Amino acid sequence: MLLLFETPAGFALFKVLDEGKLSKVEDLGKEFSSPDSARKVVKLKAFSKFENTSEALESVTKIIESSTSKGLRKFLRANCDGETLAVADSKLGNAIKDKLKIECVHNNAVMELMRGVRSQLTELISGLATQDLAPMSLGLSHSLSRYKLKFSPDKVDTMIIQAIGLLDDLDKELNTYAMRVREWYGWHFPELAKIVQDNILYARSVKLMGSRDNAAKLDFSEILPEEVEAELKEAAVISMGSDVSDVDLMNIKELCDQVLSLSEYRAQLYDYLKNRMNTIAPNLTALVGELVGARLIAHGGSLLNLAKQPGSTVQILGAEKALFRALKTKHATPKYGLLYHASLVGQAPPKMKGKMSRSLAAKAALTIRYDALGDGQDDSMGLENRLKLEARLRNLEGKELGRSAGSAKGKPKIEAYDKDRKKGAGGLITPAKTYNPSADAILGQTPNSTARKVEEEEPAKEAPVAGEQKKEKKKKKRSEEETAVPSDRNGTAEQDGEGEAKKEKKKKKKHQAESDGVQNDADEGGKKKKKRKHAEAEEDDEYETPSKKKEKKKKKKTEG
């Protein structure tokens with residue numbers, strides 16, 4: 001059996017002299033109590049030395065990742081013919097077995113053997129002193145720590161911070177210089193400012209043309225389109241500008257040279273920034289773009305500091321003044337800062353920009369942490385999150401269109417209500433209803449009009465019946481009053497006779513009124529009812545106090 005042991009100086013292969021001692025794991029540690037006893041258990045067979053630190057780092061990193069380096073595979077092929085190999089990691093043993101077809105062993109006895117070899121390492125390997133092993137271990141551990149933290153001179157975000165700052169300054173200076181060129185040359189050729197809108201093309205045209213008198217002789221095809229060139233030459237002939245000297249034109253051309261050189265340098269700087277962003281933060285670049293990502297890193301101070309910020313802070317980076325002003329005045333806080341310039345937020349409708357900036361900030365926080373602390377170097381995570389955000393944007397736009405247009409897109413389908421059908425598999429409760437043609441309205445006579453006529457005739461027939469019932473009640477009351485009044489109270493037999501005659505006349509009138517009410521139409525029934533009520537009220541007044549009427553009659557007789 002052979003034992004594979006890794007050291008800071010290289011790989012060592014030890015031959016196990018007495019495999020029977022491996023069965024007693026508890027007593028194995030005592031065998032390595034002294035160098036002499038350790039040499040009786042294991043013996044150095046071969047040693048592969050690392051040539052430099054980079055090779056050592058690569059080999060150790062491969063072993064940590066449970067894989068074999070090229071040097072280790074070559075070393076094992078040369079020294080492990082038909083032997084069983086004891087390894088400290090079972091995953092590493094599986095990798096060696098798959099690639100090199102070497103039988104590997106990993107158990108508690110092997111781990112105890114490793115511990116014993118480590119304790120007597122300088123004695124078992126000749127030429128490896130303790131004072132040499134310590135600095136090699138320290139250097140390799142530092143290199144390994146840097147590798148784990150992904151520390152690399154390429155991933156220095158200070159360059160990005162300086163580059164984006166310089167790019168913003170160049171944009172301001174370019175804008176100032178270009179406006180100065182337009183204002184200066186505008187005294188000589190004011191119409192050119194409206195014809196050529198782009199600042200760079202304007203500077204090139206001025207540098208080529210010089211005085212406007214030379215416009216007709218020159219060819220602007222390399223700078224301007226044909227339509228713009230023809231318009232420029234026509235305007236140069238009829239220009240209202242003043243004449244300028246050659247010295248003035250020379251200074252204007254020098255300023256144009258400055259504008260063109262600054263624009264070229266800005267293009268180079270943008271390419272440099274783009275490459276650095278793709279190297280340092282590829283996922284953030286894929287999600288929000290080079291400029292927005294660089295401004296976020298510059299605002300946070302570094303990529304690592306930005307990775308410590310939550311998504312809510314990333315969302316409002318660049319809007320600190322608005323945030324504190326809103327908190328002070330108790331108004332709504334801002335919904336976005338630097339992320340407003342991202343393409344995903346710009347594509348969203350105005351009402352959805354806040355939602356998109358919140359979603360984008362959450363995904364950007366994840367991609368920043370992955371770029372700063374993750375192992376991957378590709379932009380797969382950023383592209384995946386961008387696709388998710390684009391799908392969410394389409395979803396939000398669909399909902400907004402559904403609300404504005406009244407469509408049911410994205411909503412559950414609502415089936416028509418059918419009261420005759422059970423919800424389960426029971427079928428119909430009642431038979432299906434058929435169409436009723438008799439319910440159709442006929443032109444000139446509708447069911448509603450006939451129903452109204454019937455309703456009007458019914459109260460007219462009911463009116464006389466109700467009037468007769470009231471009259472019978474009144475007769476009963478009168479008979480009761482007559483019995484209550486004494487016959488010998490200031491009256492004579494003649495007066496009683498006259499009262500009875502009057503009553504008979506009134507009864508005849510009532511019968512005539514009733515017959516007239518029956519003969520009248522339904523429309524006049526309401527009016528007759530009012531008249532009858534009025535007549536009955538008068539009769540009630542006459543029959544309420546018969547004693548008063550008798551007194552009136554006596555007064556008339558005395559006056560006569």
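Tabulated data
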quantity	calculated
Residue list for the range 184-199, filter: of a type in the set (V, I, T) and part of a loop (DSSP other than H, G, I, E, B)	V196
Residue match in the range 35-50 (condition: surrounded by 12 or more Cβ atoms within 10 Å (Cβ to Cβ), free of Cβ contacts under 8 Å to residues at least 12 places away in the same chain and under 15 Å from R115 (Cα atoms))	yes
Failed criterion for H188 (all others in (1) open to solvent by 20 Å² or more (accessible area, probe 1.4 Å); (2) of a type outside the set (D, E, K, R); (3) at pLDDT 90 or above hold)	(1)
Some residue of the range 14-34 being touching a residue at least 24 places away in the same chain (Cβ under 8 Å), open to solvent by 60 Å² or more (accessible area, probe 1.4 Å), in contact with a strand residue (DSSP E or B) (Cβ under 8 Å, 6 or more places away or on another chain) and outside any helix (DSSP H, G or I)	yes
Total residues in the range 319-338, condition open to solvent by 100 Å² or more (accessible area, probe 1.4 Å) and either closer than 16 Å to K351 by Cα or touching a residue at least 24 places away in the same chain (Cβ under 8 Å) (or both)	1
Candidate set from the range 241-253 (those that are among the charged types (D, E, K, R) and within 12 Å of Y185 (Cα to Cα)); member that is most open to solvent (accessible area, probe 1.4 Å)	D243
Residues (closer than 15 Å to A342 by Cα and either part of a loop (DSSP other than H, G, I, E, B) or open to solvent by 70 Å² or more (accessible area, probe 1.4 Å) (or both)) located in the range 294-318	R295, I316, L317, G318
Residue that is within 51 Å of the chain's Cα centre (by Cα) and either open to solvent by less than 80 Å² (accessible area, probe 1.4 Å) or of a type in the set (G, A, S) (or both), where the choices are A109, A95	A95
Restricting the range 269-293 to residues that are over 26 Å from L174 (Cα atoms) and open to solvent by less than 50 Å² (accessible area, probe 1.4 Å), the residue that is nearest to the chain's Cα centre (by Cα)	L287
Residue list for the range 372-401, filter: part of a loop (DSSP other than H, G, I, E, B), open to solvent by 70 Å² or more (accessible area, probe 1.4 Å) and closer than 22 Å to Q309 by Cα	D375, Q377
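Rundown of residues vs (1) outside any helix (DSSP H, G or I); (2) among the charged types (D, E, K, R); (3) modelled with pLDDT of 90 or more, yes/no style:
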site	(1), (2), (3)
L201	no, no, yes
D213	no, yes, no
L218	yes, no, no
A230	no, no, yes
D243	yes, yes, no
C256	no, no, yes
L260	no, no, yes
Y265	no, no, yes
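The values are calculated or read from the model by the stated rules, or taken from the named source; none is laboratory data. Since this is a predicted model, take the numbers as computed values, not measurements. Here Cβ is always computed from backbone atoms with ideal geometry, including for glycine, and neighbour counts include all displayed protein chains. The protein model used for the area step is the full one, side chains on, heavy atoms only, and it has no ligands, DNA or RNA in it. Shrake-Rupley method; radii C 1.70, N 1.55, O 1.52, S 1.80 Å.
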